[in-house]
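The values are calculated or read from the model by the stated rules, or taken from the named source; none is laboratory data. Every value quoted in this text rests on a predicted model; they were computed, and no experiment measured them. FYI the Cβ positions are ideal-geometry reconstructions off the backbone, even for glycines, and counts take in every protein chain you see.
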Amino acid sequence: MARNTLEAWIPEEDGSDVITRVQQMSAVEALASPEPMRSNTKSIPRSAGVGVALVAKGGTYTEDVSTNDDVTLTAQKLGKAIRIAEEDIDDSLADILKTKMTDWATSYAKLLDNATLAVTAAVGTGVPFESVYYVLSQAASGLGYGANDNITLTGSGGVTYDNLSATLSDVEGGDYFDESRMVVIAHPAFKGKLRGIKDDQHQPIFVQGQGSDRGTPSTLFDLPVRWSLGAKTSPTATDAPGGLPILAVVNQDFLRLGIRSGPESIFIDGRDGLSALTDESILKMRARRAFALGHPKAAAILVAEA
């Protein structure tokens, strides 16, 4: 039997419970540079940099010989279908839909951050994007970047002041450092690790609310910190990663988030069509997103091994 109704996907508006929840839970959705997409793919030009030289009066301008390339955003669909029994619909449809949509938004936010920041594998089954971690683990000789150059492992000694400093140093000395645009995205497990770092007098180095460096965990070396439950390593994208916590320092201008559509929802009434045989309606939620790190030297990661 063919369906006899034509529902339309309803986009979530600014201020909706879903959008609010996504912005609260997803560091990447909140901080990345958005790239509106009108098709499934979009190429973003990437410059190797343009130099400046002195030109004498009446002299000849030297020409720039740097190479240019691009990064490609490819939209992927992130969604879920939720069956709702007719009895529950008759009791309290609005509350059920609101609860389910908010729950989906939470899971979506964690999966998006995991997929864009911490997945360790190349694009393939279960891996929609090249994450920041994956990009930093690969050599890019054309960009002057060596595999794992900007990944720091804490080792068995755990998170220390020195390896935090080393992680920031990986980006501070490069052409892609802009203090006004740098952010730290870390798994909440780092909160306890930062609180445990002591000075020679056994006093906490990072104390919340005391300003400057001592403002952590809201800042780290004067950079704002955003906490994300998706910031754990994982072989595939998931909303419940079980790997190692990571802390990423990144220029947010180089976190490029393609936005094709959504988050959006559609409610398929179970009282007509084939669904009438089950007394169940279906709520579908989806968002179409793409992601790319603009340059490996614009980011660095600290992996908490202990």
**OP:** Please work out which residue is farthest from the chain's Cα centre (by Cα), limiting yourself to the range 170-189 and to residues that are loosely packed, with under 14 Cβ neighbours inside 10 Å and without any contact (Cβ under 8 Å) to a residue 24 or more places away in the chain.
**Re:** Gly173
Subject >> the range 119-165: number of residues that are loosely packed, with under 13 Cβ neighbours inside 10 Å, farther than 30 Å from Asn40 by Cα and without any contact (Cβ under 8 Å) to a residue 40 or more places away in the chain >> reply: 2
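Being of a type in the set (A, V, I, L, M, F, W, C) and touching a helix residue (DSSP H, G or I) at 6+ places or on another chain (Cβ under 6 Å) is the filter; apply it to the range 222-247 and report the residue that is nearest to Ser180 (Cα to Cα). Before the answer, list the steps.
Going residue by residue through the range 222-247, those that are of a type in the set (A, V, I, L, M, F, W, C) are 223, 225, 227, 229, 231, 237, 240, 244, 246-247.
Still in the running and touching a helix residue (DSSP H, G or I) at 6+ places or on another chain (Cβ under 6 Å): 229, 231, 237, 246-247.
Values: Leu229: 25, Ala231: 23, Ala237: 30, Ile246: 22, Leu247: 19 Å.
Restricting to residues being of a type in the set (A, V, I, L, M, F, W, C) and touching a helix residue (DSSP H, G or I) at 6+ places or on another chain (Cβ under 6 Å), the top hit is Leu247.
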**OP:** Could you check Ala189 against (1) at pLDDT 90 or above; (2) touching a Ser or Thr at 6+ places or on another chain (Cβ under 9 Å) and say which number it fails?
**Re:** (2)
Original post:
Just a yes or no: is a residue in the range 278-288 in contact (Cβ under 8 Å) with a residue 40 or more places away in the chain and closer than 30 Å to Leu194 by Cα?
Top reply: no
**OP:** Could you tell me which residue of the range 64-81 is farthest from the chain's Cα centre (by Cα), considering only residues that are modelled with pLDDT of 85 or more and hydrophobic (A, V, I, L, M, F, W, C)?
**Re:** Ala81
